[in-house]
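Engineer: Dropping a structure here in structure tokens format, bear with me for questions.
The values are calculated or read from the model by the stated rules, or taken from the named source; none is laboratory data. Predicted model only: the values in this text are computed from it and were never measured. Cβ coordinates were reconstructed from backbone atoms using ideal geometry, including for glycine residues, and neighbour counts include every protein chain displayed. For the accessible areas, the whole protein counts, side chains as well, though only heavy atoms, and no ligand, DNA or RNA atoms are used. Shrake-Rupley method; radii C 1.70, N 1.55, O 1.52, S 1.80 Å.
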Amino acid sequence: MVKAKVWILKKHFEGFPKESNFELKEVDLPELQDGGMDNSCTLFSYMCNVSLIYQHFCCCCYLDVLVEAIYFSLDPYMRSLSKMFLKEGDVQYGTQLAKVLKSKDPEFPEGCYVVADCGWRTHTVTKAKGPRGPILTRIVSEWPTDIPMSLALGSLGMPGLTALYGLEEVCKIQPGQTVLVSAAAGTVGTVVGQICKIKGCKVVGSAGGDDKVAYLKELGFDQAFNYKTVPSLEEALKNASPEGYDCYFESVGGPMFTAALKNMKPGGRIAVCGAIATYNDTTPQMCPYPHHEIIVRSLTIQGFMVTNYKEKDEESVKRLLTWMKEGKLKTKEMVTVGFDKLPIAFMKMLKGDGLGKAIVKV
């Protein structure tokens, strides 16, 4: 019988997460089954019936697979989803790069590598698919041996795809346009900026530290500034691009969003994929009503999730891989070693400490 270590959400977050919100446990895993209806679905039973986006993870009718985690991804959205979809006592939400140890499913043979939404678990027995979509996603077969597979959780995975779809599908950027990026030194933001340059755009980034600003300039951002030290966000945006912005890639919220609206060009497009400035608030932030700016500038504001474009993922990952092999897409990783370090690394990521994609290696 295989045993798994799991991190439980012991108590819901109130404000910024604390170590006491988590509890480490050890559990026994069931033997693999050949199939049949499974209404408990090892991965996301707690998400069933709460959102159409997640219903496809439940009521599985496929063959069992045993996976072992190698790397865990730490991303800001995990903070908000925990409150939305988890009950106290559930396994903490999260995505991992894993290796298939045993399998009843011929599409996921033993020894293959997958991106798995299994939560903070060292081992998981799960169905490979749900009736409405995948639970496990195999790494593309063309993955180069000289590129770390951990990047399937970062620039060559969900964050990279978020950047690509926000620019191409939502903003529909064109050469010569000017793009503003908030949280620009994060994994999504750095990919956004580099894709903008690949596509012939001017790009301006906002980040929370002088070291991060320097990194953005290394990556080719035309302008970058430290939002924590400028006297006025609105003036900083004007100075960086006096002619305004055609597109804004938004993942912060708060005062940055309000300042950006006032600097958009007429007909500007805004892609919204996050609001990290608000995730730890105990009282919702209030901002000036933006309707006037939206109306007089004829702005288009669209929220999106990377799962909206799932059918494009395989081809899109191959494009990102090509850009990386050509030296057009660069990345950094901030790796913490040890499954027991997951909560500490998670909180460090939320504070914005360090440069690069936050990863925990088992």
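Engineer: Working only within the range 198-226, note down all residues that are over 22 Å from the mean Cα position of the chain (by Cα) and aromatic (Phe, Trp, Tyr).
Structural biologist: Passing the criteria: only 225.
Engineer: Being surrounded by fewer than 16 Cβ atoms within 10 Å (Cβ to Cβ), in a loop (DSSP other than H, G, I, E, B) and at pLDDT 95 or above is the filter here, so list the residues in the range 245-298 that pass it.
Structural biologist: Correct list: 298 only.
Engineer: Just the residues that are assigned to a helix (DSSP H, G or I) and open to solvent by less than 60 Å² (accessible area, probe 1.4 Å), please, taken from the range 323-362.
Structural biologist: Those that are assigned to a helix (DSSP H, G or I) and open to solvent by less than 60 Å² (accessible area, probe 1.4 Å): 323, 324, 339, 342, 343, 345, 346, 347, 349, 350.
Engineer: In addition: Can you say whether residue 329 is at pLDDT 95 or above and over 25 Å from residue 256 (Cα atoms), as far as the supplied structure shows?
Structural biologist: Yes: the conditions hold for residue 329.
Engineer: Let me ask something else about it. Taking residue 180 as the residue in question, decide whether it is modelled with pLDDT of 95 or more, closer than 19 Å to residue 270 by Cα and open to solvent by less than 10 Å² (accessible area, probe 1.4 Å).
Structural biologist: When the stated conditions are applied, residue 180 passes them.
Engineer: Among what's in the range 208-244 and is outside any helix (DSSP H, G or I) and among the β-branched types (Val, Ile, Thr), pick the residue that is surrounded by the most Cβ atoms within 10 Å (Cβ to Cβ).
Structural biologist: Checked the range 208-244; the qualifying residue surrounded by the most Cβ atoms within 10 Å (Cβ to Cβ) is 230.
Engineer: Do you know which residues across the range 110-131 are in contact with a Ser or Thr (Cβ under 7 Å, 6 or more places away or on another chain), more than 14 Å from residue 153 (Cβ to Cβ) and hydrophobic (A, V, I, L, M, F, W, C)?
Structural biologist: Listed by number, the list holds a single entry, 125.
Engineer: Just one of the numbered conditions (1) of a type outside the set (Lys, Arg); (2) surrounded by fewer than 24 Cβ atoms within 10 Å (Cβ to Cβ); (3) part of a strand (DSSP E or B) is not true of residue 205; which one?
Structural biologist: The single condition residue 205 does not satisfy is (2).
Engineer: What strands (runs of 3 or more DSSP E) lie completely within the range 1-109 and have 2 or more residues being at positive phi, at pLDDT 95 or above and surrounded by 16 or more Cβ atoms within 10 Å (Cβ to Cβ)?
Structural biologist: none
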